[in-house]
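K.L.:
What follows is a single structure, and I will ask about it in a moment.
The values are calculated or read from the model by the stated rules, or taken from the named source; none is laboratory data. In this text the structure is predicted, and so the values were computed from the model without any measurement. Cβ atoms come from the backbone with ideal geometry, glycine included; neighbour counts cover every protein chain shown.
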Amino acid sequence: MDLQFRELMGQMTDFMKTEAQTETVIGEAFELGEFKCVPVIKVGMGFGSGGGEGTESKARTGQGMGGGAGMGIEPIGFLVTKGEEISFLASGKTRGLAAAFEKVPDLIEKLATIRAREKEAV
């Protein structure tokens, strides 16, 4: 039973490692003009397990085991870089990822302003 239990826990942890990735939840990093955006997630995990063996008079024997796992994954924002500048763009707890995407037009506007200034300086 010990070997089966270890196997079960190994399969559960392998599954969780595979699923608890930013690419699974939000997607890959992307570029928006000169800005590079890297999604950031928060992961919470919990495990539970139990097992037992028993014997009773008149040759009654038994074994049992069980395991369970739970995982919560929440997108929390983006790391945004431009050159050597790095900032964090939070997606907001009450509005989720939609809040981050609402700020994309602001990023585009800032990018356009920066390019206009660069052209004026030349």
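K.L.:
Check the stretch 80-93 and report whether any residue there is modelled with pLDDT of 80 or more, among the small types (G, A, S) and over 20 Å from the mean Cα position of the chain (by Cα).
P.N.:
Looking for residues that are modelled with pLDDT of 80 or more, among the small types (G, A, S) and over 20 Å from the mean Cα position of the chain (by Cα), one finds at least one in the stretch 80-93, hence yes.
K.L.:
Any chance the stretch 27-40 includes a residue that's without any contact (Cβ under 8 Å) to a residue 24 or more places away in the chain and farther than 21 Å from P105 by Cβ?
P.N.:
yes
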